Amino acid sequence: MKRAPELGPATLGSGKLNVFALFHLNLAFSSIEEEQRPEVVERCYWPLLRLPDAIDAPLAIEATGYTLETIAAIDASWIAELRRLVSTGRVEFIGSGYAQLIGPLVPANVNDANLTLGNVVYERLLGIRPSIALVNEQAYAAGLVPLYLDAGYRALLMDWDNVAAHHPEWNPKLRFYPQRARGVDGSEIALLWTHTMAFQKLQRLAHGDIEHVDYAAYIENQRGHDPRLLPLYSNDAEIFDFRPKRFHTEEALQTGEWQIIAQAWGRLARSARTRFVKPSEALAFTDNEAANQLLDLQTADYPIPVKKHKKYNITRWAVSGRDDLAINAACHRLHRGLTQRNVNDPKAWRELCYLWSSDFRTHITPARWNRYRERLAAAENAYAAPPTALPEPLAKPALRTEQKWLEIETPSLCAVLNRRRGLAIHEIRARDDRRPAMLGSLLHGHYDTIDLQADWYTGNCVFEAPGTPKITDLEWAEPHIYGDAETADAIVETEIATPLGPIFKRLRFAAHEPRVDFDLVLSWKEMGRGSLRLGHFLLNPAAFDLERLSFSTHNGGRRAETFPLAHETVDHGKPVSFLVSASSGLGLTEGSIEVGDDSRSFRILVDQTVAPLIGLVHHERIGDSIFSRLLLSALELDDTRKPEPSATPRHYRFSLLLQT
């Protein structure tokens, strides 16, 4: 079992509140224009470097390699001062990689490259290789732990609040002590918590929302009979004495916000009952029964923990924004091109990491968005694998019959399609498998519970937008049926009219393996604000051992993560609010997800270079049975969504592979 390196002892004040503070620096911040960056360095980053002397206590600073390089180009003296403070121990530098990309949404070798390239910059500019990392955007997956360890990190900083909310069995005292996080391969890494409430309290103080007495009372309430550890701050530096202007509700700028922080923390530092420590010292604060527990941060219902509030989840960087799905697909084409051609040029991989940065996928300004798309196109021209062509409908005559059910047989598959419901799959099985079909449709009345008494299908698509009727492909289909002369595959295609435009569907039933390839083309000029979910692969409860059912996929790591479903209630696609349409999701970073029990399963394969769809699992117990299905998300709604018209049809390609 791989473990983090042992940590040296630290002398911490007995019975005291031991505190540390971490400032996150990000000059790629989505709402900051490039021409504003020198102002950010002057108004935010220089006051930060003066803060340790102002309070006479150590602080921690985290930045990507890209941010450090950008600062160096603006003001090399700032980098020199940071290097001096790090060398004297006044500042502890925390790493994160070359770019602030979302680890659970990119392939493992991209995460490897990002961490390695970040270390190169840290060594060149600061003369160090950091041993503690802040998880980018606090988007964590167990598969990332071995990657951090291999990059030389011995500890991670991760948000407590959202993780603990999904672990009601945890002792609340765990929040005040270092712990250990278990990786997907059984490896372990030391863990320091960050606290959303704590950093928001400081922001409110600096912005004039609360008074010093209120802030002091909050700090006092965190004390206990035993010594405790509290992260005073663990968020952006660019919000003090500067406003990124992301939201119209931002607090008005008042001068002297860094002085307010210095005043509050100076009082704390002078208190005999409080001690400022560096994160590396805080890691040794394990002399308590609530410390150093080995924890699984993820759950089946919350497989990728993310920072702060419930509105923050993995979908905001995957399938929302201005056009996250399209730019993520372009990055996958770049990745495939670099990998297939064995390109080892660090410059090319550095560009890929930069283009996969999170800030281009949220509140990016129009000017920066246009420049980003130009840079992405240039990288595609240089390195990308060729894009997959849109399917060309063949001029075959449509089937003219009133028959509802369409039976398809190949040497490997038997399937029944529902023409009345847009060629939804009523039943599908491997040709020689006589057991109950794993997937299909469950019709009205199958479940007694009122919430599930509708018809449920496999293979359909649904678009939902607030305040409007849902749009689906569950309409009468006039199919075109033909065989592929070369492969002997059976092909069925149809086009279905909708209020937003036509949906073209092609299903290819393979002759030589139990596999169905789906091509969906939506000729919609504007999709607007809403959710688009595809596939809807519905499990047949009679086909599985319900006590052994699980799903398994990659979330940024080399090894797949497996999540048992027995006695679990999971609903990744459950809305958080009217503004946020999903609560979690799965990265599918190697392009597949497997669902099944110990004896049989099926896999969904996604062509990520066409559209890197993410996975949403919905699973719940219904008496002695289950309702369980896997959806593929192409679009979700949240505060980052800014629809743009599309000049070309939207293409989605995925496959169903039965494994018996």
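Read-outs: derived from the displayed coordinates by stated rules, not from any lab. Small disclaimer: the values here were computed from a predicted structure and weren't measured. FYI the Cβ positions are ideal-geometry reconstructions off the backbone, even for glycines, and counts take in every protein chain you see.
Out of segment 483-525, which GluC sites (Glu not before Pro) are coil in DSSP terms and have no more than 12 other C-beta atoms within 10 Å?
Sparse-neighbourhood loop GluC sites (Glu not before Pro): GLU486.
How charged is the neighbourhood of ASP296? Take every other residue with its Cβ under 12 Å from the Cβ of ASP296, and add Lys/Arg as +1 and Asp/Glu as -1. Write down the numbers at each step before the final one.
Details: positive: ARG180, ARG182; negative: GLU169, GLU188, GLU561.
Surrounding charge for ASP296 is -1.
So which aspartates and glutamates can LYS347 reach, going by Cα to Cα under 18 Å and dropping same-chain residues fewer than 8 places off?
GLU69, ASP112, GLU123, GLU374, GLU380
Let me check against my output: what whole-number percent is the relative contact order of segment 17-317, with C-alpha pairs under 8 Å and at least 6 apart?
Worked out over segment 17-317, it gives 28 percent.
Could you sort the peptides 339-345, 370-376 by per-residue average Cβ neighbour count (10 Å cutoff), highest mean leading?
370-376, 339-345
For segment 405-659, with the dipole built from +1 on Lys and Arg beta-carbon atoms and -1 on Asp and Glu ones, taken about the Cα centre, which of THR640, LEU657, THR498 lies farthest toward the positive end?
Looking along the dipole axis, the top candidate is THR640.
Treating the angle as unsigned and between 0 and 90°, give the value, to the nearest 10°, between the Cα long axis of helix 108-126 and the longest Cα principal axis of the chain.
20 degrees
How much net charge surrounds ALA272 when only the other residues with a Cβ under 15 Å from the Cβ of ALA272 are counted, with Lys and Arg +1 and Asp and Glu -1?
Net of charged neighbours comes to +4.
Once Lys and Arg get +1 and Asp and Glu get -1 on their Cβ, which of LEU605, ILE622, HIS572 lies farthest toward the positive end of the dipole of segment 565-624?
So the residue we want is HIS572.
Which peptide among 178-191, 378-391, 229-242 comes first, and what is the full order, when sorted by highest mean count of other Cβ atoms within 10 Å?
The peptides rank, most packed first, as 229-242, 178-191, 378-391.
Relative to the longest principal axis of the C-alpha atoms of the chain, give the angle of the C-alpha long axis of helix 76-88, reported between 0 and 90° and rounded to the nearest 10°.
With rounding to tens, the tilt is 70 degrees.
Please go through the residue pairs LYS311/LYS642; LYS470/LYS642; LYS311/LYS574; LYS201/LYS307; LYS16/LYS278 and name each one whose alpha carbons sit more than 18 Å apart in this structure. Let's see the in-between values first.
Values: LYS311/LYS642 16 Å; LYS470/LYS642 20 Å; LYS311/LYS574 12 Å; LYS201/LYS307 16 Å; LYS16/LYS278 15 Å.
In this structure, LYS470/LYS642 lie more than 18 Å apart at Cα.
Spelling out what I want: for every residue of segment 513-523, take phi, set θ = phi - 60°, compute 6.51 cos²θ - 1.76 cosθ + 1.60 (Karplus), and round to whole Hz; glycine and proline get x.
Running phi through 6.51 cos²θ - 1.76 cosθ + 1.60 with θ = phi - 60° gives 7, x, 9, 10, 9, 9, 10, 10, 10, 9, 8 Hz.
Given contacts defined as C-alpha pairs under 8 Å and at least six residues apart, what's the relative contact order of the chain, whole-number percent? Numbers along the way, then the final one.
Details: 1503 pairs, mean separation 101.6, N = 660.
Over the chain, the number comes to 15 percent.
By how many degrees, between 0 and 90 and to the nearest 10, does the Cα long axis of helix 212-221 differ from the longest principal axis of the chain?
70 degrees
Sort 451-457, 298-304 by packing, meaning the average of other beta carbons within 10 Å per residue, with the highest value first.
298-304, 451-457
Within segment 489-538, report the trypsin sites (Lys or Arg not before Pro) that DSSP leaves as loop and that have at most 13 other Cβ atoms within 10 Å.
LYS525
Percent antiparallel among DSSP beta bridges with both residues in segment 17-317, to the nearest 5?
Roughly 10 percent of the beta bridges in segment 17-317 run antiparallel, per DSSP.
Among [x] 25.2, 85; [y] 24.6, 79; [z] 26.4, 87, which one is Rg and Dmax of the Cα atoms in Å computed from these coordinates?
Label of the calculated value: [z].
Could you work out the helix-only [θ] at 222 nm for the chain, with each DSSP H run of four or more residues adding -39,500 (n - 2.57) and the total divided by the number of residues, to the nearest 500 deg cm²/dmol?
Details: 15 runs with 155 residues, N = 660.
One gets -7000 deg cm²/dmol as the mean residue ellipticity at 222 nm.
Defining a contact as two alpha carbons under 8 Å apart and six or more residues distant in sequence, what relative contact order in percent does segment 1-152 show?
Worked out over segment 1-152, it gives 22 percent.
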